[in-house]
1. Let me confirm something: among A:Leu76, A:Leu33, which residue is within 14 Å of chain B (Cβ to nearest Cβ), out of contact with any Gly (no Cβ under 7 Å at 6 or more places or on another chain), among the hydrophobic types (A, V, I, L, M, F, W, C) and surrounded by 16 or more Cβ atoms within 10 Å (Cβ to Cβ)?
2. Looking at the range B:1-60 only, could you name the residues that are in a loop (DSSP other than H, G, I, E, B) and within 11 Å of chain A (Cβ to nearest Cβ)?
3. Could you count how many residues in the range A:42-73 are of a type in the set (Gly, Ala, Ser), touching a Ser or Thr at 6+ places or on another chain (Cβ under 9 Å) and buried (at least 16 other Cβ atoms within 10 Å of the Cβ)?
4. Out of the residues in the range A:8-33 that are hydrophobic (A, V, I, L, M, F, W, C) and at pLDDT below 95, state the one that is farthest from B:Arg44 (Cα to Cα).
5. Which of (1) outside any loop (DSSP other than H, G, I, E, B); (2) touching a residue at least 24 places away in the same chain (Cβ under 8 Å); (3) farther than 30 Å from B:Ala87 by Cβ; (4) over 14 Å from the mean Cα position of the chain (by Cα) is the odd one out, the single condition A:Ser70 does not satisfy?
6. So, of the residues in the range A:93-110 that are assigned to a strand (DSSP E or B) and within 7 Å of chain B (Cβ to nearest Cβ), which turns out to be modelled with the lowest pLDDT?
7. Give the residues of the range B:65-77 that are more than 10 Å from the chain's Cα centre (by Cα) and either buried (at least 21 other Cβ atoms within 10 Å of the Cβ) or assigned to a loop (DSSP other than H, G, I, E, B) (or both), sorted by residue number.
8. Of all residues in the range B:78-114, which are within 18 Å of B:Val52 (Cβ to Cβ), assigned to a strand (DSSP E or B) and either of a type in the set (A, V, I, L, M, F, W, C) or more than 13 Å from chain A (Cβ to nearest Cβ) (or both)?
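The values are calculated or read from the model by the stated rules, or taken from the named source; none is laboratory data. Predicted model only: the values in this text are computed from it and were never measured. Here the Cβ positions follow ideal geometry from the backbone for every residue, glycine too, while neighbour counts run over all protein chains shown.
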Amino acid sequence: AQSVTQLGSHVSVSEGALVLLRCNYSSSVPPYLFWYVQYPNQGLQLLLKYTSAATLVKGINGFEAEFKKSETSFHLTKPSAHMSDAAEYFCAVRNSGNTPLVFGKGTRLSVIA
Amino acid sequence: DGGITQSPKYLFRKEGQNVTLSCEQNLNHDAMYWYRQDPGQGLRLIYYSQIVNDFQKGDIAEGYSVSREKKESFPLTVTSAQKNPTAFYLCASSITGGINQPQHFGDGTRLSIL
């Protein structure tokens, strides 16, 4: 079964700096990948999803992710961090058509003023 | 507005007690899921259901039970057999039949032991 690994349980950036959150998947077949965001004491909100139509996927709140098959990666980026981006971010993969998403352990993003 | 409603938001359980967490959706989704979230461990799947009157165990089903009598409802019971129930519980739903369909989440229930 496919899984995802998120490197770094906690990332801290300054306001206005680049945000880079890492996600690597384990698969020899094209995966279906998702990024979610979770604010404190709330559920998860979909940021973006990879559907093989394009390798660069744009999501909400200025985030985007690039699918790189050669690196088995789907890293999440945002050019300029905002204080409101402070949250926990989860990468997830679906193994087959009707199965539940499998989540990484999450990365907590802190934004410093 | 369509969405997923979890209740209550906070729940306290005494030792030896069963408690039931509610999850209702009005998105007309066939599939529903329960996850448990602990700090640093991400989301772990407890149970899921792809159709009414059918459900499957996830990775950590021991000590939990579910039912799916109606399409819009998927309650989770945390039994006294679950020795460490303190966690944040998340319910989700999705359309079936599409590998790229996302899961939609409720706002969670935080369960604590008295």
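1. A:Leu33
2. Taking the range B:1-60 as the starting set, the residues that turn out to be in a loop (DSSP other than H, G, I, E, B) are B:1-3, B:8-9, B:14-18, B:26-30, B:39-41, B:52-53, B:58-60.
Answer for the range B:1-60, where residues must be in a loop (DSSP other than H, G, I, E, B) and within 11 Å of chain A (Cβ to nearest Cβ): B:Gly3, B:Lys9, B:Asp30, B:Pro39, B:Gly40, B:Gln41, B:Gly58, B:Asp59.
3. Matching residues across the range A:42-73 total 1.
4. Only one residue fits best here, namely A:Val29.
5. Only one criterion is unmet by A:Ser70, namely (2).
6. Applying the filter and picking the extreme gives A:Arg94.
7. B:Ser67, B:Arg68, B:Glu69, B:Lys71, B:Glu72
8. Result: B:Cys91, B:Ala92.
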